[in-house]
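A quick write-up on the structure given underneath.
The values are calculated or read from the model by the stated rules, or taken from the named source; none is laboratory data. Not measured: the values here are computed from a predicted model. Note that each Cβ is placed from the backbone with ideal geometry, even for glycine, and that neighbours are counted across all protein chains shown. When the accessible area is computed, the model is the full protein with side chains, heavy atoms only, and any ligands, DNA or RNA have been set aside. Shrake-Rupley method; radii C 1.70, N 1.55, O 1.52, S 1.80 Å.
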Amino acid sequence: MKIIRRKSDLRAMTGNWRRSGETIGVVLTMGALHQGHLSLVETAKARADRVIVTIFVNPRQFNNPEDLEKYPRTEDSDAQKLLPFGIDVLYVPEPEEIYPDGFATTISVTGVSEGLCGNTRPGHFDGVATVVTKLLIQTEADFSFFGEKDFQQLQVVRRLAVDLDLGTEIIPCPTMREEDGLAMSSRNLRLDAEARATAPAIRRALAAAAAALERGDTASDVLRRARRDLVGAGIAEIDYLELRSDPDLGPLAQADRPGRLFVAAWLDGVRLIDNQPVRAVARASRTGNRPVEPA
Ligand code: PAF
């Protein structure tokens, strides 16, 4: 595994691979690698001839300077964790390789980036879209792998890859969870023991809410109960708790189309997000509501 910090060095490698007709799979990260990232790496290894993992803590996607400052930076241990996977390159670009002097371009995706984290983290998805576009171009990715935990990010990236003819296929991968259901995230490292013990309540509230929606309960009641469950568990600061349509993320008043529940909440000064698919429910009939398969 070569560690590369300059895009000219990276281009020399990818150019060779391209000339020999090899495909390139890329996993983009901000480091602090956990099992969720490593499962993306495993999928990439199975799918592409060559695999690049990138680590770049992207200042443009942090709307809160304290969050950026506290973001874990663990390059050495990240490199150790990657060794068993036999990837080809760990690309850790110097900041000026991504944002050269005078950088003045922003990629902004409308629609799927609006609402949810788009409301509560102004500028976040512009920062994500801009850095992802740059990294996919720099790595010449044929495939790039994104976890469904960041479901809105996944939809933003899918949109930009198509709209900008990047030639990269965006591959969604399932959310990896701890045994108690907490979605894996680099931010979990920042939870103290008490907050870590409370955090799985997020997953439990979403699972209960999805089950209730699939039974045909009214969305407004279900969301009220889920909020009450979170507050009861000690998670009182909730950025959003919403039902949206899947995959376009439009507003959804009732689970009569395939949907997804989304939550962002604060615990111990750490912002956690999660989501849960909800199957469409047939309209009420005399025999009760029956879940229907998404079209
Ligand atoms: O999901 C992340 O870690 C980041 O948003 C990404 C995709 C690496 C862009 O900085």
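Picking from ALA211, ALA226, ALA197, ALA205, which residue would you name as being out of contact with any helix residue (DSSP H, G or I) (no Cβ under 7 Å at 6 or more places or on another chain), modelled with pLDDT of 95 or more, open to solvent by less than 50 Å² (accessible area, probe 1.4 Å) and not in a strand (DSSP E or B)?
From the options ALA211, ALA226, ALA197, ALA205, the qualifying one is ALA211.
Got a sec? Which of LYS7, LYS45 is of a type in the set (D, E, K, R), under 30 Å from GLU179 (Cα atoms) and surrounded by 15 or more Cβ atoms within 10 Å (Cβ to Cβ)?
Every option except LYS45 fails the conditions.
Scan segment 165-184 for residues that are open to solvent by 20 Å² or more (accessible area, probe 1.4 Å) and hydroxyl-bearing (Ser, Thr, Tyr) and jot them down.
Within segment 165-184, just THR175 meets the criteria.
Report yes if VAL156 is among the aliphatic types (A, V, I, L, M), over 23 Å from LEU182 (Cα atoms) and under 12 Å from the mean Cα position of the chain (by Cα), otherwise no.
In short, yes.
Scan segment 1-40 residue by residue and report those that are among the β-branched types (Val, Ile, Thr) and within 16 Å of the ligand (Cβ to nearest atom).
VAL26, VAL27, THR29
Can you go through PRO247, PRO258 and tell me which one is modelled with pLDDT under 95 and over 24 Å from SER186 (Cβ atoms)?
Every option except PRO247 fails the conditions.
Which condition breaks for ASN58 when tested against (1) open to solvent by 70 Å² or more (accessible area, probe 1.4 Å); (2) farther than 20 Å from ARG177 by Cβ?
(1)
Check whether at least one residue in segment 187-194 is at pLDDT below 95 and open to solvent by 60 Å² or more (accessible area, probe 1.4 Å), and report yes or no.
Yes, there is a match, as at least one residue in segment 187-194 is at pLDDT below 95 and open to solvent by 60 Å² or more (accessible area, probe 1.4 Å).
Please give the number of the condition ARG50 fails out of (1) surrounded by fewer than 19 Cβ atoms within 10 Å (Cβ to Cβ); (2) more than 16 Å from the ligand (Cβ to nearest atom).
The failed condition is (1).
I'd like to know if segment 24-41 contains one or more residues that are farther than 20 Å from THR175 by Cβ, part of a helix (DSSP H, G or I) and touching a Lys or Arg at 6+ places or on another chain (Cβ under 9 Å).
no
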